[in-house]
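The values are calculated or read from the model by the stated rules, or taken from the named source; none is laboratory data. Quantities reported herein were computed from a predicted structural model and do not represent experimental measurements. When we count neighbours, we look across all protein chains shown, and the Cβ atoms used for this are built from the backbone with ideal geometry, even at glycine. We work out accessible area using only protein heavy atoms, side chains counted, and drop any ligands, DNA or RNA first. Shrake-Rupley method; radii C 1.70, N 1.55, O 1.52, S 1.80 Å.
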Amino acid sequence: MARFRNAVNIGALTTILLGVTNAIVCDRSNVTSVVEDPAGVEATISNCTTFIGNILINANFTGVFNLSGITNLTGDVRTEDHFEFKECRNLTGIVMDDLVTMGDLLLGGLVSLKTVTLPKLQNTGVVSIGGGNQSSTSLSFPALVKATTIDTYQNISSINFSNLTESSLYLSQSRYHPVLNASFPLLAKAENIEILGNIGSLNLWNLTTVTNNFTIILTKSIQLDFPKLSSQTNGSAPFTIRPASTLFLPVLQNVGEMDILYESFRGTTTEVASTIVDYRSLTTAYSIYLYGGMSMVQLPKLTKLEKDLIVFSTGKSIDCTSVNSAIGRVKPGYSSGTNYKCQTTSEAITTKKGGGLTATLKLVIGICLGVGLGIVLLCVALFVLFKLNKNKKRRNAEKEAHALLPYGPSSGGVHDQPYSSQPVQQYDPHRSGIQQAPQPYDPHHSTVPHPPQPYVDRDPSHAPQAYDPTRAH
């Protein structure tokens, strides 16, 4: 029995030693290895278990890229398109059966890619894969635990990340491609989550913390449950979901800019929204915007809010009791310019401490006053311009009239006026409108009165007498 045990131990040790002996490290760190076909891949990695360096899949590659035998890849694997924007039209599959760790996997410009399979991969950097334009692509990473980012886009038919616990997610499925059911049942932490497009179902049931962006914008509304999500650590990052038929966030305490659209009821005006929105644990938010078919919103613990709290229901009525209570609690911390209201399509309830005019009425009054003041200022400006223009015309007319006078403008005698450059107009008997010059007196032809004659006294008694001394006094 002891001999048998010794034989087993010797055999196991021999196997380990042979494994170590068979481990071959291929260092290609000084150059990027370019492969153009399956034979090129085999020649590049022949007998290697660890590969140091990057591998570039040429745009003309045809068939399946198979990296079997490699357990550790310190560099990246990428298609030529990822940086050169070329289509890799004939690459049909990616298989790395033995790979446990690697750098980034960057696959883009794909037309015919059908499968990407890495059954043993546990740790990686960025996984960025665009599905085939002409065929849907299936992704299988069942052993992957940790990645920097999972980024999928275009035509992805199915994904398997059943053991992933930590990674950012960026999923984008076009509405023109089949519905994608996305499941990440063990994902607990994520730096960013952005899920867009034609998603049929989403499993993030174990997610507890998101650091920055949390955005889910879907082609159609689905049921969304996040039973363990408690915190968005960046207090001003977007937290956007639209639309959702139902949304379950029972333990969410801290959130940034919450912007959520619930499925709307738009059929008839008699429809009543039945969705009760319950944020029973929410204490802190940067802002809250809730829209859609809601009959009640519960915010029993909200105590801190930096900006707006707006609830808008497309239903016939909504119970705003809890919202108004929350506004009363958070209002002292409000900064200038914030809004808060709870309303439906037919009514608006605006809460404002101390009463006064509603924000809408203030806006209307402000607009009217602004328009009225603008009209008054415009009229004053037009009047001033009219007066200035009239005075200018009058001055120009006076200048033109004065220019026709021979001695310039007159206010007295000719010699009292300054010299005028206008020439004195000479008499021209053939020009009309000019007074003729005076003619010499002609007693036979002139109509001018006779000139005055000298006085002659013909009375003899009045003739001068000689001096008579006897008559002198």
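Couple of notes before you dig in:
- Screening region 232-247 for residues that are of a type outside the set (A, V, I, L, M, F, W, C) and in a strand (DSSP E or B) and picking the one that is farthest from Ser221 (Cα to Cα) gives Gln232.
- Per the listing Ile150, Ile159, Ile94, the residue uniquely within 24 Å of Ala190 (Cα to Cα), open to solvent by less than 10 Å² (accessible area, probe 1.4 Å), in a strand (DSSP E or B) and touching a residue at least 12 places away in the same chain (Cβ under 8 Å) is Ile150.
- Residues in region 232-248 that are at pLDDT 95 or above and open to solvent by less than 50 Å² (accessible area, probe 1.4 Å): Gln232, Ala237, Phe239, Thr240, Ile241.
- Test: residue in region 188-209 that is surrounded by fewer than 16 Cβ atoms within 10 Å (Cβ to Cβ) and within 20 Å of the chain's Cα centre (by Cα): no
- Here Leu118 clears all of (1) open to solvent by 10 Å² or more (accessible area, probe 1.4 Å); (2) modelled with pLDDT of 90 or more except the condition numbered (1).
- Here is the figure for region 37-55: residues that are touching a strand residue (DSSP E or B) at 6+ places or on another chain (Cβ under 6 Å) and open to solvent by 20 Å² or more (accessible area, probe 1.4 Å) total 4.
- Thr283 modelled with pLDDT of 80 or more, among the hydroxyl-bearing types (Ser, Thr, Tyr), touching a strand residue (DSSP E or B) at 6+ places or on another chain (Cβ under 9 Å) and closer than 28 Å to Gln223 by Cα: yes
- Leu164 vs. criteria more than 32 Å from the chain's Cα centre (by Cα), closer than 26 Å to Thr219 by Cβ and either assigned to a loop (DSSP other than H, G, I, E, B) or not polar (S, T, N, Q) (or both): yes
- Of all residue pairs spaced 6 or more apart or on separate chains, those with beta-carbon atoms under 7 Å, a first member in region 227-250 that is without any contact (Cβ under 8 Å) to a residue 60 or more places away in the chain and a second member that is assigned to a loop (DSSP other than H, G, I, E, B) and of a type in the set (Asp, Glu) are Pro243/Glu263; Ala244/Glu263; Ser245/Glu263.
- Scanning region 179-191 for residues that are closer than 20 Å to Thr117 by Cα and either at pLDDT below 95 or in a strand (DSSP E or B) (or both) yields Leu180, Asn181, Ala182, Ser183.
- Residue, least open to solvent (accessible area, probe 1.4 Å), within region 296-313, restricted to residues that are touching a strand residue (DSSP E or B) at 6+ places or on another chain (Cβ under 6 Å) and of a type in the set (S, T, N, Q): Ser313
- Meets criteria (at negative phi, under 29 Å from the mean Cα position of the chain (by Cα), among the hydroxyl-bearing types (Ser, Thr, Tyr) and open to solvent by less than 50 Å² (accessible area, probe 1.4 Å)) for Ser281: no
- For the residues Ser168, Ser112, Ser172, Ser136, the requirement of being in contact with a Lys or Arg (Cβ under 8 Å, 6 or more places away or on another chain) and either buried (at least 20 other Cβ atoms within 10 Å of the Cβ) or under 16 Å from Asn198 (Cβ atoms) (or both) singles out Ser136.
- The residue of region 213-231 that is most open to solvent (accessible area, probe 1.4 Å), among those that are in a loop (DSSP other than H, G, I, E, B) and in contact with a Ser or Thr (Cβ under 8 Å, 6 or more places away or on another chain), is Lys228.
- Criterion: open to solvent by 10 Å² or more (accessible area, probe 1.4 Å) and in contact (Cβ under 8 Å) with a residue 40 or more places away in the chain - qualifying residue of Gly63, Gly103: Gly103
- In this entry, Val127 is excluded by the filter for residues that are open to solvent by 20 Å² or more (accessible area, probe 1.4 Å), at negative phi and assigned to a strand (DSSP E or B).
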